[in-house]
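Contents: one structure, followed by commentary.
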Amino acid sequence: MANLHFELVTPEKLVRSDDVFMVVVPGTEGDFGVLADHAPVMSTIRDADLVIYVSEGAAPETITVQGGFAEVNEAGLTVLAEAVS
Amino acid sequence: MASLKELKDRIESVKSTQKITKAKKMVAAAKLRRAQQAAEAARPYAEQMEKVMSSLASKVSIDENSSKLLAGTGKLETHLLVVATSDRGLCGAFNANIVKEAKVKAEKLLKEGHKVLFYTIGRKGVPILKRAYPDKMLEHFDTTNVKTPGFEEAKAIAAELTALIDDGKYDVAHLFYGKFKSALVQEPTVQQIIPIPVQEGAVSEAEGAVDYEPDEEEILAELLPRNLTTQIFGALLENMASEQGASMTAMDNATRNAGDLIDNLTIVYNRSRQAAITTELIEIIAGAEAL
């Protein structure tokens with residue numbers, strides 16, 4: 001299965017641009033996992049952890065994001081966050 | 001003709017000025033690189049934000065309940081000119097150019113019968129505007145105590161602007177800043193930030209069914225202030241890079257001019273010195289011959 005193209009952007013810089021297996025996004029109305037070929041979604045996000053699985057079964061990697069939103073389109077997942085840590 | 005002593009002092013003074021301009025030029029060159037990188041790094045976010053904004057804005061209908069940031073106040077009476085300048089001088093005509101652009105716009109609006117108010121960011125633009133429009137200065141955002149204006153400052157400015165429009169202080173806001181083209185060229189730019197200018201033909205490319213979580217209106221409400229912040233942040237970064245670029249160019253010119261001046265003065269100095277020696281010799285020889 002093709003990998004999901006994932007970008008994490010803050011106002012200061014492009015934090016990450018990677019092909020990954022899955023990302024779990026902390027949406028305002030609940031967490032949702034995004035795999036490749038996910039249906040287009042736009043969602044605001046809570047201040048919480050973004051969980052990234054680089055490959056299937058790989059150990060999850062977390063990035064804490066604050067304020068922003070996530071967009072899924074045919075190109076992949078883009079998360080715009082105000083700050084990351 | 002100036003005396004030798006005067007010439008010598010003059011040369012020394014120009015030399016010390018040259019030292020200052022040279023140092024400032026090198027500082028600006030170093031800072032320019034960093035500012036340019038910062039401006040470039042901020043671009044992906046701004047681009048993405050713009051894409052999302054335009055696709056959302058075309059989907060949401062504007063009514064009296066929509067945010068003022070999107071729909072405006074329904075009037076076009078009072079225009080707020082947000083003028084972003086630098087905090088430091090020694091950067092040539094950079095600040096003057098931005099202010100000039102703002103003044104042109106202000107005159108045009110006044111002639112059309114609108115009201116104009118100024119909101120200034122950065123210290124250097126204030127005195128010029130105050131002289132021209134003493135009764136139109138609304139607020140000033142002080143950035144002198146931060147080294148480089150960052151996202152926090154942009155956020156604070158955006159919050160103030162939002163509060164001001166909610167108070168009904170103005171209807172339309174324009175942002176003035178120096179757009180960075182290259183180290184040699186900085187373009188004073190004006191951009192309407194409130195309400196968001198509706199671009200004709202910016203209809204989203206038929207993305208089909210996009211799920212919105214929560215719904216479009218709520219996302220938009222959340223996004224609008226953020227979009228404003230992003231725009232101001234981008235302008236601040238461009239301004240930083242432009243300031244350093246302008247400063248570098250201006251100081252390079254100044255250093256070169258000082259060099260020319262020193263060369264000319266040195267020639268004059270040497271000539272007068274030789275003339276003085278010759279006169280002295282003639283006097284001695286004439287005296288010896290008279291004996």
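On the basis of the beta-carbon distance and an R0 of 41 Å, B:E222 and B:T17 show a calculated FRET efficiency of 0.20.
Each of B:F151, B:F118, B:L90 was scored by the projection of its Cα onto the charge dipole of the stretch B:34-249, and the greatest displacement toward the positive side belongs to B:L90; charges sit on the C-beta of Lys, Arg, Asp and Glu.
Classification of the protein assembly as shown by its C-alpha gyration tensor yields a prolate form. The axis ratio a/c (a ≥ b ≥ c) is 1.5 or more, and a/b outweighs b/c.
Note the full-extension length gain between B:L291 and B:V185 as 0.36 nm times their separation in residues minus their Cα-Cα distance, in nm to one decimal. Walk me through the numbers on the way to the answer.
Numbers: separation 106, 0.36 × 106 = 38.16 nm, distance 7.17 nm.
Extra length from B:L291 to B:V185 when fully extended: 31.0 nm.
Distance from a point 7 Å along Cα→Cβ of B:R34 to each backbone N in the stretch B:158-179: keep the residues under 14 Å and list them by number. No residue qualifies, since no backbone N sits under 14 Å from the label point. Legend: mean number of C-beta atoms from other chains within 10 angstrom of residue C-beta atoms, peptide B:212-222, equals 3.
Can you give me the convex hull volume of the Cα atoms of the stretch B:34-249, divided per residue and expressed in Å³?
Numbers: hull volume 28.5 nm³, N = 216.
Cα-based convex hull of the stretch B:34-249, divided per residue, equals 132 Å³.
The mean sequence distance of close C-alpha pairs (under 8 Å, at least 6 residues apart), as a share of the length of chain B, puts its relative contact order at 32 percent. A crude spin-label estimate for the pair B:V104 and B:D9, with each label 7 Å from Cα along the Cβ direction, gives 4.5 nm. Taking the average, over residues, of other Cβ atoms within 10 Å as the packing measure, peptides B:215-226, B:82-93 rank B:82-93, B:215-226 from highest down. The share of accessible area on the protein assembly as shown that comes from carbon and sulfur is 53 percent, using a 1.4 angstrom probe. When peptides B:127-139, B:47-59 are sorted by average Cβ neighbour count within 10 Å, with the highest value leading, the order is B:47-59, B:127-139.
Span-like helix criteria (full DSSP H runs; alpha carbon extent of at least 15 Å along the helix axis; mean Kyte-Doolittle hydropathy of at least -0.5) are satisfied in chain B by B:94-111, B:151-166, B:216-290. When the accessible areas of A alone and B alone are added and the area of the pair subtracted, with a 1.4 Å probe, the result is around 2100 Å², both sides summed.
Of the cross-linked pairs B:K22/B:K181; B:K24/B:K179; B:K24/B:K130; B:K51/B:K136; B:K59/B:K103; B:K19/B:K181, which ones have a Cα-Cα span greater than 26 Å in the structure shown? Don't skip to the end; give the middle numbers.
Values: B:K22/B:K181 23 Å; B:K24/B:K179 21 Å; B:K24/B:K130 28 Å; B:K51/B:K136 35 Å; B:K59/B:K103 36 Å; B:K19/B:K181 28 Å.
Cα-Cα > 26 Å for B:K24/B:K130; B:K51/B:K136; B:K59/B:K103; B:K19/B:K181; rest within.
Neighbouring Cβ atoms from other chains, within 10 Å of the Cβ of residues in A:32-41, number 2 on average.
The values are calculated or read from the model by the stated rules, or taken from the named source; none is laboratory data. Note that the structure is a prediction, hence the values are computed from the model and not measured. Positions of Cβ are generated from backbone atoms using ideal geometry, with glycine treated the same way; all protein chains shown enter the neighbour counts. With ligands, DNA and RNA removed, areas are computed over all heavy atoms of the protein, side chains included. Shrake-Rupley method; radii C 1.70, N 1.55, O 1.52, S 1.80 Å.
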